[in-house]
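Following: one structure in structure tokens, then a few remarks.
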Amino acid sequence: MKVSVGQFNPGGDVAANLAVMRRLAVGAQSEGAGLIVFPEESMFSVGRVEGSFTAAVDAQWTTFVHGVSVMAAEVGIAVIAGGYESSGEERPYNTLVAVDHDGRILETYRKLHLYDAFSYKESDRIKPGDGGIKVVEIGGFKVGVMTCYDLRFPELARALAVEGADLICVSAAWFKGDHKIEHWETLLKARAIENTVWVAAAGTSSAHCIGHSAILDPMGIPADFLNDDAEGTATAEVTAKRIAEVREFLPVLKNRRLESSRALL
């Protein structure tokens with residue numbers, strides 16, 4: 001299956017963001033992609049919403065999910081994209097929605113690890129996820145999902161791999177800062193290498209976020225990538241054959257000794 005990552009700068013208007021996503025999805029589908037992954041705040045950016053953030057989430061989450069579903073069905077491509085889901089409280093969830101190429105909603109994932117780091121505190125306005133990890137089937141592949149800061153927690157990626165994920169999709173709005181691009185690229189490679197899985201990561205490209213979306217093979221080798229392009233897609237062929245090849249000479253999942261590892265903790 002060909003997989004694309006779509007990079008753009010979400011604004012505060014859901015309809016405008018969906019229009020950009022559709023344009024990128026059409027381009028990806030024309031290249032033969034069966035799945036496109038979009039950034040964390042594809043629905044809208046927290047900092048660019050007018051008025052009450054909570055009210056905007058309450059009013060727009062269902063609209064966004066419906067728009068993604070319609071887009072997927074009309075373009076004929078599976079979609080993973082991030083937005084904000086009402087929780088019934090003041091703080092909404094930071095949620096990814098995975099939709100099949102026929103518009104069927106496969107799963108939603110609520111971000112587990114909130115970005116309370118580097119002088120930012122996401123938990124002030126976002127509620128942490130409560131549904132655990134999520135793996136869905138798309139195009140014959142098992143696809144695990146995670147959101148931005150989740151990438152810094154290797155146990156989450158390992159749990160997805162143990163659950164059978166062949167491909168881990170990361171939706172992010174990775175803040176700029178000293179060494180942040182190096183961190184992003186290193187962590188993407190590490191998650192691919194240590195789990196011998198494909199990784200497809202889509203990032204926001206803006207004045208505050210790095211972009212640098214990429215697709216990496218199970219050896220951590222970039223198959224295609226973007227830099228700080230304002231808008232674009234990267235596309236690569238994701239194959240089970242490559243996973244099997246790597247796991248033949250690097251059987252890390254088979255070689256794990258969990259009881260010994262626990263004894264060291």
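The values are calculated or read from the model by the stated rules, or taken from the named source; none is laboratory data. Worth saying up front: this structure is predicted, and the values here are computed from it rather than measured. Don't worry about glycine lacking a Cβ; one is built from the backbone with ideal geometry, like all the others, and counts go over all protein chains shown.
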Original post:
Under 7 Å by Cβ, and 6 or more places apart or on different chains, what pairs join a residue from region 47-72 that is farther than 15 Å from Asn17 by Cα with one that is modelled with pLDDT under 95 and hydrophobic (A, V, I, L, M, F, W, C)?
Top reply: Phe53/Val46
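Only one residue in Lys134, Lys176, Lys180, Lys189 is within 26 Å of Ala73 (Cα to Cα) and out of contact with any helix residue (DSSP H, G or I) (no Cβ under 6 Å at 6 or more places or on another chain), so which one is that?
Values: Lys176 fails: within 26 Å of Ala73 (Cα to Cα); Lys180 fails: within 26 Å of Ala73 (Cα to Cα); Lys189 fails: within 26 Å of Ala73 (Cα to Cα).
The conditions single out Lys134.
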Original post:
What is the number of the single condition among (1) assigned to a loop (DSSP other than H, G, I, E, B); (2) under 19 Å from Val5 (Cβ atoms); (3) β-branched (Val, Ile, Thr) that Ile133 does not meet?
Top reply: (2)
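Does Val49 satisfy the criteria of being among the β-branched types (Val, Ile, Thr), modelled with pLDDT under 95 and in contact with a helix residue (DSSP H, G or I) (Cβ under 7 Å, 6 or more places away or on another chain)? So that I can check it myself, show each step before the final result.
On the way: among the β-branched types (Val, Ile, Thr): yes; modelled with pLDDT under 95: yes; in contact with a helix residue (DSSP H, G or I) (Cβ under 7 Å, 6 or more places away or on another chain): yes.
Considered against the rule, which asks whether it is among the β-branched types (Val, Ile, Thr), modelled with pLDDT under 95 and in contact with a helix residue (DSSP H, G or I) (Cβ under 7 Å, 6 or more places away or on another chain), Val49 comes out as yes.
Say whether the condition of being within 16 Å of the chain's Cα centre (by Cα) and under 30 Å from Gly177 (Cβ atoms) is met by at least one residue in region 46-67.
no
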